[in-house]
Amino acid sequence: MTARQLPHARRRSKGGRRVLSSCGRRVRRRPACDRGAASGKALSIHTFLLRRRQVHSLVVVAHPDVASLTHGLAREVTAALSDDGRSAELVDLTAEAFDPRFTAADLLHYRDEGPTPLDVVGEQARLDRAQQLVLVFPVYWWSMPALLKGWIDRVFINGWAFEYAPAGRLLPKLDQLSVHLLAVAGGDVDGYERHGYSNALRTQIEHGIFGFCGASIASTRIVYDSETAPVEALAAEVDFTVKQISTLPAAL
């Protein structure tokens, strides 16, 4: 990441040259990377790159077949997000036998009448360690599989993902989390656009779930024609998608 890609560094730094102040008097300004510690408004390139290297990603996949395109994408993304000093953890909800059912214990906790179920505590701890969340899933009936939806139902709960102020105002709590959505669809792009499936999927997940919790959507990618496209075309799509996700910066 260069200074050219940092809007505030480009806008505020003059490279140490003399510039005119608002009253016309010439003043000597320090570069933004020098002023950052004092003003708290500028971020040095060194700090920016250091934070990028320290990013930890949680890649969550929901598909019963480890030989599927969905799993292949998840493995490729995890590997790409583990280079350059970064780290990533791959979570296979099927292999780990995560229980997606919202049980009586979950309901008691939701009502503030019982503790958080232990398996939910473990998933929240994983997310607490991450700055990026990548969801990789096949599209089932124009949405995510029940296994992944149940993971969200149980883990992204009141008191952890969001809470309500005494006056009833919503307080999102995941504003430090960047989210990438990677969906694998059997249908073609024309059908998805014609029927509004793409927008419906994005609205319910981007806005309805993560926007509600304050997380930022870093990217959404739908791989179309997953069951009919030539192998070469799918391979190129995988390469492009992995490169896109691995090079986008996480929210800081």
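The values are calculated or read from the model by the stated rules, or taken from the named source; none is laboratory data. Keep in mind that what you see is a predicted model, and the values were worked out from it rather than measured. No Cβ is skipped: glycine too gets one built from the backbone with ideal geometry, and neighbour counts run over all protein chains shown.
Is it the case that some residue within the stretch 47-63 is at pLDDT 85 or above and of a type in the set (Phe, Trp, Tyr)?
No, the stretch 47-63 contains no residue that is at pLDDT 85 or above and of a type in the set (Phe, Trp, Tyr).
Residue-wise test of (1) touching a helix residue (DSSP H, G or I) at 6+ places or on another chain (Cβ under 8 Å); (2) part of a loop (DSSP other than H, G, I, E, B); (3) not acidic (Asp, Glu).
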position	(1), (2), (3)
Gly168	no, yes, yes
Leu182	yes, no, yes
Gly187	yes, yes, yes
Gln204	no, no, yes
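Do we find that Phe156 is more than 20 Å from the chain's Cα centre (by Cα) and crowded, with 16+ Cβ neighbours inside 10 Å in this structure? Even if it seems obvious, please write down each step before you answer.
Numbers: more than 20 Å from the chain's Cα centre (by Cα): no; crowded, with 16+ Cβ neighbours inside 10 Å: yes.
Here the answer is no, as Phe156 does not meet what is asked.
Can you name every residue in the stretch 128-142 that is surrounded by fewer than 19 Cβ atoms within 10 Å (Cβ to Cβ) and either touching a helix residue (DSSP H, G or I) at 6+ places or on another chain (Cβ under 7 Å) or among the hydroxyl-bearing types (Ser, Thr, Tyr) (or both)?
The answer is Tyr140, Trp142.
When you scan the stretch 206-223, do you find a residue that is over 14 Å from the mean Cα position of the chain (by Cα), among the charged types (D, E, K, R) and in a helix (DSSP H, G or I), even just one?
The answer is no, given that none of the residues of the stretch 206-223 is over 14 Å from the mean Cα position of the chain (by Cα), among the charged types (D, E, K, R) and in a helix (DSSP H, G or I).
Working carefully through the options Leu170, Leu182, find the one that is within 19 Å of the chain's Cα centre (by Cα) and among the hydrophobic types (A, V, I, L, M, F, W, C).
Result of the check over Leu170, Leu182: Leu182.
So in the stretch 187-227, with the set limited to residues that are of a type in the set (Val, Ile, Thr) and touching a residue at least 40 places away in the same chain (Cβ under 8 Å), which one is farthest from Lys149 (Cα to Cα)?
Across the stretch 187-227, the extreme among qualifying residues is Val223.
Being within 22 Å of Gln124 (Cβ to Cβ) and among the β-branched types (Val, Ile, Thr) narrows it down to one of Ile217, Ile222, Ile245, so name that one.
Selected residue: Ile217, the only one of Ile217, Ile222, Ile245 that is within 22 Å of Gln124 (Cβ to Cβ) and among the β-branched types (Val, Ile, Thr).
Of the residues that make up the stretch 125-135, is at least one at pLDDT 95 or above, under 25 Å from Gly187 (Cα atoms) and touching a Pro at 6+ places or on another chain (Cβ under 6 Å)?
no
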